[in-house]
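Take a look at the structure below.
The values are calculated or read from the model by the stated rules, or taken from the named source; none is laboratory data. Everything numeric in this text was worked out from a predicted model, so none of it was measured. We place every Cβ from the backbone using ideal geometry, glycine too, and count neighbours over all the protein chains shown. When the accessible area is computed, the model is the full protein with side chains, heavy atoms only, and any ligands, DNA or RNA have been set aside. Shrake-Rupley method; radii C 1.70, N 1.55, O 1.52, S 1.80 Å.
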Amino acid sequence: MAMYGDPPLSEFIPAYYCNNFAQSRSNCATIWKSIFTHLFSMAIATGICFGGYYYYQNYYLPILNDSFPIIEEPIANNPAIAKFQFPNPHPEDACGVEVIESLKEQIRRLNENVSAINKWRATVNSHLTKLEWEQAATINSRIEESFDVFEADGTGLMDYAASYAGGIIVGISKDTLPHPTHRPLSLFKLLNVDVLSSPEELIRSCVLPGSCFAFRGSSGSVRIKLGKPIKIGGVTLSHASKRLLLDEGMSSAPQEFAVYGFVDSSDKIGVFLGKFTYNIHGKQHQTFKVQRNPSHNEVFEEVELAILSNYGRDAFTCVYRFRVHRSDSETALNQSRNATARKVVNKKCC
């Protein structure tokens, strides 16, 4: 008897239901038919499962192994290629073993080449960095040297003919006639007198346009007494910058000139020290070495500058600055420059 609303026992046990309720035979047949249907469905499902398992073991796995072989050991220690592996060949497959060993050897050589290239790149980068430092040091030293030369009277050489060194103008030749300057002397703006150019301009440090010794014609000579007697090693002739005078103003520049040395003021013959050419297309200050003559190794107290021609101006010639240098001045200057450059290079590289 069902209590507290529980379902009757006949719903769980069909036989009990049939024995106690014989009058409901049609219902009992329906239940047995349902049981048979469930059992048949379970048998079919079991057959399908066993059939699928049999197919997986005997057909699918062999196809899978043939298409994607099992990777067992790496061919190299490089982690970038360790995941690419080959199947274990059969012992009788000697050709496959040789191919794999050849690939391993090629990969090993490739790794060695890559390592060698990396070392080579590191070495090249080191040399390039060192070369860059050395070039920077050289450029800096050249810049400093240029500033030093510019500040040292434009040449970096001692000028013994300059007025600051005690040089004076002794005289000019008779055929050297000074030309009037472009700076006339005015007397209360009532009387203007043309002032003749002075040879003293040759030994002054100013080389601005107009600050020159101008003389008529294309040839003339000036004699200068040096600040002290020296062995002459070179001379420098300067003209105003072509950036200021342009091509038209450069026509009055001296072209060919000669230099003579005199032992003292009583020497009337002198020693020929060389003939030179000033190039208006070159530097503003041009230095020339005198000729070395073993038979004339005297110490000179005076020099003579003889202008032989100019660059086409027939009316007059302008000479801005003439300098005289001692024979060991250039050597001392080069040694000083080399020492400065070595000092800067060592400071930059170390």
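Quick notes
- Look at the alpha carbon pairs under 8 Å that are at least 6 residues apart: their mean separation over the length of the range 239-286 gives a relative contact order of 39 percent.
- Largest-first ordering by accessible area, 1.4 Å probe, given options Ile31, Ile280, Ile230, Ile269: Ile269, Ile31, Ile280, Ile230
- Charged-residue dipole, Cβ positions (Lys, Arg, Asp, Glu), the range 96-162 about Cα centre, Debye nearest 20: 740 debye
- Largest-first ordering by accessible area, 1.4 Å probe, given options Asp153, Asp328: Asp328, Asp153
- Of Lys174/Lys242; Lys242/Lys289; Lys130/Lys283; Lys225/Lys275, those spanning more than 26 Å from alpha-carbon to alpha-carbon: Lys174/Lys242; Lys130/Lys283
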